1. Across the stretch D:33-49, what is the total count of residues that are part of a helix (DSSP H, G or I) and surrounded by fewer than 19 Cβ atoms within 10 Å (Cβ to Cβ)?
2. If you take the residues in the stretch E:50-89 that are in a loop (DSSP other than H, G, I, E, B) and facing another protein chain (nearest Cβ under 7 Å), which one is modelled with the lowest pLDDT?
3. Look at C:D28 and say whether it is closer than 25 Å to E:C37 by Cβ, at pLDDT below 95 and surrounded by 12 or more Cβ atoms within 10 Å (Cβ to Cβ).
4. List pairs: first in the stretch E:19-46 and of a type in the set (A, V, I, L, M, F, W, C), second surrounded by fewer than 18 Cβ atoms within 10 Å (Cβ to Cβ) and not in a helix (DSSP H, G or I), Cβ under 7 Å, 6+ apart or cross-chain?
5. Can you give me the number of residues within the stretch E:27-51 that are more than 18 Å from A:S43 (Cα to Cα) and basic (K, R)?
6. When the residues of the stretch C:57-74 are filtered to those that are of a type in the set (G, A, S) and either at pLDDT below 95 or touching a Cys at 6+ places or on another chain (Cβ under 8 Å) (or both), which remaining residue is farthest from F:F76 (Cα to Cα)?
7. Is it fair to say C:S98 is at pLDDT 90 or above, among the small types (G, A, S) and surrounded by 16 or more Cβ atoms within 10 Å (Cβ to Cβ)?
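The values are calculated or read from the model by the stated rules, or taken from the named source; none is laboratory data. Note that the coordinates shown come from a computational prediction; the quantities given were computed from them, not determined experimentally. With ideal geometry, Cβ positions are generated from the backbone for all residues, glycine too; neighbour counts draw on all protein chains shown.
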Amino acid sequence: MSFIFGGKQQNPNAVDPAKIEMAVAELDMITDVFNRLVSSCYSKCIQPNPMSHRYVEGDLLKGEGVCIDRCSAKFFEVNKLVGERMQTMGGAAQAGGSFGH
Amino acid sequence: MSFIFGGKQQNPNAVDPAKIEMAVAELDMITDVFNRLVSSCYSKCIQPNPMSHRYVEGDLLKGEGVCIDRCSAKFFEVNKLVGERMQTMGGAAQAGGSFGH
Amino acid sequence: MSFIFGGKQQNPNAVDPAKIEMAVAELDMITDVFNRLVSSCYSKCIQPNPMSHRYVEGDLLKGEGVCIDRCSAKFFEVNKLVGERMQTMGGAAQAGGSFGH
Amino acid sequence: MDFSQLNGPEQAQMTAVIEKKQMQDFMKLYTGLVERCFNACAQDFTSKALTTNETTCVQNCVDKFLKHSERVGARFGEYNAVCLMYYIP
Amino acid sequence: MDFSQLNGPEQAQMTAVIEKKQMQDFMKLYTGLVERCFNACAQDFTSKALTTNETTCVQNCVDKFLKHSERVGARFGEYNAVCLMYYIP
Amino acid sequence: MDFSQLNGPEQAQMTAVIEKKQMQDFMKLYTGLVERCFNACAQDFTSKALTTNETTCVQNCVDKFLKHSERVGARFGEYNAVCLMYYIP
């Protein structure tokens, strides 16, 4: 009788592809932000001079750990700031796809 | 009667997965070229010295704008040249996948 | 009668999506390693000084060829070493995904 | 991009693909800008908060990059995409 | 990540997606570490074999990067993911 | 790559996957070469057209990179792929 009551749109057990797609996009973005954060703070805190860095020890030095915490905090601030700025600039989405396809 | 006249191969409303795949590949490539163009001309015209660049203003300077136009034109020429050269070299496709899987 | 003898699990002609997924992941990884190898040894052997490199000839110099062979051999050793080290460190998998989603 | 060779249902499917891709491109533009402007502007790690200079730098960095992208996009549009495709061996 | 809006079958599908993604992320971490530590440590191309110094350097490089990732991951976890999403225009 | 554990239909599916991947890899090689050789060779932005020196540089850059890839590919082929896989933790 489910074809009378409820129907597809309300079916609590139907998979909504649009919802899955949004959740996957969100997950991809979180992973992307995390990977960029890791790599940015690595450049800032662990190897400010990649040419001279030869990894003489495998532990984080105390100063490196403190730097990572501050670097992460600043990265989150920049993340917020960039989001706000892109909204202000408006039409930012088009900037990335404005060559007419 | 569509199984008698027309058939799958001629059906003007059937989706041909191969055509979709080619169109998606073309789209991916155009986006890829555009992103590489943006990032290359940014390095060439906006921040020739990334270390000293602190973004004192948000507008494009006149010289930067002119540089972007010339840089884009050169990038398209290189794009054409690389395509021609890869054809000349022949078997270029194998170079990227010649380790025998 | 196949629903009596054999059944789905043993069907020698059924596609097992998990096996395909593993094979695709393996293929992706091999391609990824190859691309990183190409680009790393290019930096080490062909253009140690990218700023001064203007490509005055299109052939590999003898010294460059020898360097590529040694560079590849070292890259494979590092590949092995990193795998071993990640196992020793244990829980390495979590390091890449430990922010709780 | 020439979709005239595609029939109705194929064009509909491509439209869905393009919409999905635009969302992904936008997200990549966004996270890429965060990384680019963070790397260019965040220099002082003696405190957790952005300094005034760093904040201004990030805002200018975003503005400048988007204006740059827009101008490159205009040149890219002029350059016929088909032309680009023509040279793939 | 808030999955409470998803129903049972949707959550099951997301779990499968996450598992697949974790495998891919792990492989990318692995190949990325190989590249990073090779580039930082391999300096001498007068022989095919890694020198003792290079071997030690690679081991320290792996250890340090994983510890770095772990610490960044801790900070990232504290920073509410929802907060991050909030600012997407 | 050892496909002996796959049955007929699975091998057919993998062949299709590999063909698609080869096309993608080729396109990535192509666009990557454009970027690499443009960045290395285009230096003069006082005109729109490539100079003779820049043109020669791009051609040599392409030739050299493809020969480099080929030689690395030969070494990679010798190094048994299974061996590579063996060390994934």
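1. Start the filter on the stretch D:33-49 by keeping residues that are part of a helix (DSSP H, G or I), which leaves D:33-41.
Next, only the ones that are surrounded by fewer than 19 Cβ atoms within 10 Å (Cβ to Cβ) stay: D:39.
Within the stretch D:33-49, residues that are part of a helix (DSSP H, G or I) and surrounded by fewer than 19 Cβ atoms within 10 Å (Cβ to Cβ) number 1.
2. First, the residues of the stretch E:50-89 that are in a loop (DSSP other than H, G, I, E, B): E:50-51, E:79-80, E:87-89.
Cutting the leftovers down to facing another protein chain (nearest Cβ under 7 Å) gives us E:50, E:79, E:87-89.
Values: E:L50: 96, E:Y79: 85, E:Y87: 46, E:I88: 47, E:P89: 43.
Looking at residues that are in a loop (DSSP other than H, G, I, E, B) and facing another protein chain (nearest Cβ under 7 Å), I get E:P89.
3. Numbers: closer than 25 Å to E:C37 by Cβ: yes; at pLDDT below 95: yes; surrounded by 12 or more Cβ atoms within 10 Å (Cβ to Cβ): yes.
Considered against the rule, which asks whether it is closer than 25 Å to E:C37 by Cβ, at pLDDT below 95 and surrounded by 12 or more Cβ atoms within 10 Å (Cβ to Cβ), C:D28 comes out as yes.
4. E:A40/A:P50; E:A40/A:H53
5. The number of residues fulfilling the criteria is 2.
6. Taking the stretch C:57-74 as the starting set, the residues that turn out to be of a type in the set (G, A, S) are C:58, C:63, C:65, C:72-73.
Checking which are either at pLDDT below 95 or touching a Cys at 6+ places or on another chain (Cβ under 8 Å) (or both) leaves us with C:58, C:63, C:72.
Values: C:G58: 22, C:G63: 19, C:S72: 8 Å.
Looking at the filtered set, the residue picked out is C:G58.
7. Details: at pLDDT 90 or above: no; among the small types (G, A, S): yes; surrounded by 16 or more Cβ atoms within 10 Å (Cβ to Cβ): yes.
No, not satisfied.
So that you can scan it fast, the table gives a plain yes or no per residue for (1) over 30 Å from B:E64 (Cα atoms); (2) in contact with a Lys or Arg (Cβ under 7 Å, 6 or more places away or on another chain):
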| site | (1), (2) |
| --- | --- |
| F:P9 | yes, no |
| F:T15 | yes, no |
| F:I18 | yes, no |
| F:L33 | no, no |
| F:A40 | no, no |
| F:D44 | no, no |
| F:K48 | no, yes |
| F:T51 | no, no |
| F:E54 | no, no |
